[in-house]
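My structure is below; once you've seen it, I'll send some questions.
The values are calculated or read from the model by the stated rules, or taken from the named source; none is laboratory data. Because the structure is predicted, anything quoted here is derived from the model rather than measured. FYI the Cβ positions are ideal-geometry reconstructions off the backbone, even for glycines, and counts take in every protein chain you see. Areas reflect the complete protein model, heavy atoms only, side chains present, ligands, DNA and RNA absent. Shrake-Rupley method; radii C 1.70, N 1.55, O 1.52, S 1.80 Å.
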Amino acid sequence: MSPFTLMLTILLLSIFGYFIGKKRAFAVAEGVSKTKTLHSRPTYYGMLTALWCGLPALAVLCGWMAFESGIITHLVIADLPPEIRELPENRRNLVINDILNLVDGNILSKQVDDTLRSAADHYRNLKATSNAALIVCAVCVGMLGIGMIRNRIKPAMRARNHVEKVIKLLLIACSCIAILTTIGIIMSVLYEAIRFFHVVPLSDFLFGLRWSPQMAIRVDQVGSSGAFGAVPVLVGTLLISGIAMIVAVPIGLMAAIYLSEYAGKKLRTIAKPLMEILAGIPTVVYGFFAALTVAPFIREVGTSMGLEVASESALAAGAVMGIMIIPFVSSISDDVINAVPQSLRDGAYGLGATQSETIKQVVLPAALPGIVGGILLAVSRAIGETMIVVMAAGLAANMTVNPLKTVTTVTVQIVTLLVGDQEFDSPKTLAAFALGLLLFAVTLVLNIVALHVVRKYREQYE
């Protein structure tokens, strides 16, 4: 039985427990008409029985799956001949991988001998035994939970309180999963970044002005030793993101003000969905638009004015990225402006303010925290964009703030570093994690600044 089938079985068993608990509640109340003698409604007794059945059984399933593979592998290793058990860890892991491939029916790179075949059969037998034991344990735990809670159901039992407490704990666990996942991502990136900084000094990475991560693959190969100064990549990221925000923020904010304060209801119902369609267009389509239409147009205009314009420029990528981000700013700002109480507008009109004065002095200050949040979301979207930059701005890490030159961004370099034949332990590959950590730090600083701005203006408004 697969884990998914076992989960369905536990779900069906929990549903069975729900009806058992509900029926028991009616029984202890001595009839449907006397349920008022119960502390909680009969459905809560059913839900409590289902929870006592499902949650312990799922805990057994999750714990079993977490440790099953390691325990079976350990038992298989213990049954191998001494000459294989005493191999170095890396070579022994290769043998284990061959055994697992044989178990899964995959093709091995070498001939299968009797030792591997015997180990694979042993692994299959242990796996089958483990699956059977898991099914028996999970079902028994579920049935035991149903039996225990059924015998404890009494009219004075606070079933509703217990159910609400369990649901509250589940909500807390879900919140912890999100937080712990974030911490796990940060720690994994930090671990690999520290390995990179053991090879490349932190000062060279943060303040170096040259980014050229090409390195020799073999020891005897003539190649570049690599330069890992992150300043050109970071400048390129900020340059393209800045151009995108210069395009997106004014247009998006003005569009939101018009739709929420001046446009009629009929025009608003048509215009707002049309603007939000921009957010659903794949970024590769924006990349084609930037590379085939916007970049040649900018080059022709610049050349006619006597300027030197690269075929792939930060201006083309930033402008198209800004168009892509407009719906983020306009939609969020529109919702926030509409959420401002009408009484504030009526009060301003009562004091003699015009509509434009009301928008400037009352509506926008009241909606500022939400607007800043929308802009921050747009900035994060711009910093993390990759496809448009690859197609319209190029891959060259030039140290320049000229929007007519070719630049690159942090996310683009992370992608290029993680593809190819380079070893995972090489500085070139580990540099991707250092760039990821740098990107996280920049985003965190932007969040802190945005929160400071929001709190400052909120206090002035209050």
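Inside region 29-56, can you point out the residues that are open to solvent by less than 50 Å² (accessible area, probe 1.4 Å), assigned to a helix (DSSP H, G or I) and at pLDDT below 85? Give the derivation first.
Within region 29-56, the first condition is being open to solvent by less than 50 Å² (accessible area, probe 1.4 Å), and the residues that meet it are 29, 31, 35, 38, 40, 42-43, 45-46, 48-51, 53-54, 56.
Subset that is assigned to a helix (DSSP H, G or I): 35, 42-43, 45-46, 48-51, 53-54, 56.
Of everything in region 29-56, just one residue is open to solvent by less than 50 Å² (accessible area, probe 1.4 Å), assigned to a helix (DSSP H, G or I) and at pLDDT below 85, namely Thr35.
Does Thr49 satisfy being closer than 17 Å to Arg150 by Cβ, in contact (Cβ under 8 Å) with a residue 12 or more places away in the chain and not aliphatic (A, V, I, L, M)? Even if it seems obvious, please write down each step before you answer.
Working: closer than 17 Å to Arg150 by Cβ: yes; in contact (Cβ under 8 Å) with a residue 12 or more places away in the chain: yes; not aliphatic (A, V, I, L, M): yes.
In short, yes.
Also, quick follow-up: I need the full set of residues from region 271-294 which are polar (S, T, N, Q) and under 14 Å from Thr386 (Cβ atoms), in order please. It would help to see each step written out before you state the result.
Restricting attention to region 271-294, the residues satisfying the condition of being polar (S, T, N, Q) are 283, 293.
The one that is polar (S, T, N, Q) and under 14 Å from Thr386 (Cβ atoms): Thr283.
On to the next question. Could you list, in sequence order, the residues of region 121-160 that are open to solvent by 60 Å² or more (accessible area, probe 1.4 Å), under 36 Å from the mean Cα position of the chain (by Cα) and more than 30 Å from Ile96 (Cα to Cα)?
Arg160
Among all residue pairs at least 6 apart or on different chains, which show Cβ distances below 9 Å where the first residue, located in region 141-158, is over 14 Å from Pro42 (Cα atoms) and the second is among the charged types (D, E, K, R)?
Asn151/Arg24
Please verify whether Val419 is over 30 Å from Glu261 (Cβ atoms) and among the aliphatic types (A, V, I, L, M), treating the condition exactly as stated. Before you say what the answer is, go through the steps one by one.
Numbers: over 30 Å from Glu261 (Cβ atoms): yes; among the aliphatic types (A, V, I, L, M): yes.
The answer is yes for Val419.
For (1) out of contact with any Ser or Thr (no Cβ under 6 Å at 6 or more places or on another chain); (2) among the basic types (Lys, Arg), each residue gets a yes or a no:
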residue: Ile10; (1), (2): yes, no
residue: Gly17; (1), (2): no, no
residue: Lys22; (1), (2): yes, yes
residue: Phe26; (1), (2): yes, no
residue: Lys34; (1), (2): yes, yes
residue: Thr43; (1), (2): yes, no
residue: Gly46; (1), (2): yes, no
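Right, something else. Do we have Ile337 as under 30 Å from Gly236 (Cα atoms), β-branched (Val, Ile, Thr) and in a helix (DSSP H, G or I) here? Outline the logic, then answer.
Details: under 30 Å from Gly236 (Cα atoms): no; β-branched (Val, Ile, Thr): yes; in a helix (DSSP H, G or I): yes.
Against the criterion (under 30 Å from Gly236 (Cα atoms), β-branched (Val, Ile, Thr) and in a helix (DSSP H, G or I)), Ile337 does not qualify.
I'd like to check which helices (runs of 4 or more DSSP H) are fully inside region 217-334 and have at least 3 residues that are within 30 Å of Asp204 (Cβ to Cβ) and open to solvent by less than 10 Å² (accessible area, probe 1.4 Å). Talk me through it step by step, then tell me what you get.
Details: elements: 231-257, 265-276, 283-289, 295-304.
Helices (runs of 4 or more DSSP H) meeting the threshold: 231-257.
Looking at region 187-199, I want the residues that are more than 10 Å from Phe433 (Cα to Cα) and have a partner that is part of a helix (DSSP H, G or I) with Cβ atoms under 8 Å, at least 6 apart or on another chain. Which pairs are those?
Taking only residues 6 or more apart or on different chains, the pairs are Phe197/Phe205; Phe197/Ala434; Val199/Pro427; Val199/Leu430.
Search region 1-25 for residues being modelled with pLDDT under 85 and not in a loop (DSSP other than H, G, I, E, B), and hand back the single one that is surrounded by the most Cβ atoms within 10 Å (Cβ to Cβ).
Initial filter on region 1-25 (modelled with pLDDT under 85): 1-4.
Still in the list and also not in a loop (DSSP other than H, G, I, E, B): 3-4.
Details: Pro3: 13, Phe4: 8.
My answer is Pro3.
Condition first: out of contact with any Gly (no Cβ under 7 Å at 6 or more places or on another chain) and modelled with pLDDT under 85. Now tell me which residues in region 377-388 satisfy that. Talk me through it step by step, then tell me what you get.
So in region 377-388, the residues out of contact with any Gly (no Cβ under 7 Å at 6 or more places or on another chain) come out as 377-386.
Matches in region 377-388: Leu377, Ser380, Arg381, Gly384, Glu385, Thr386.
Also, I was wondering about something else. Could you run through region 167-189 and say how many residues are at pLDDT 90 or above and in contact with a helix residue (DSSP H, G or I) (Cβ under 7 Å, 6 or more places away or on another chain)?
Going through region 167-189 one residue at a time, the tally reaches 0.
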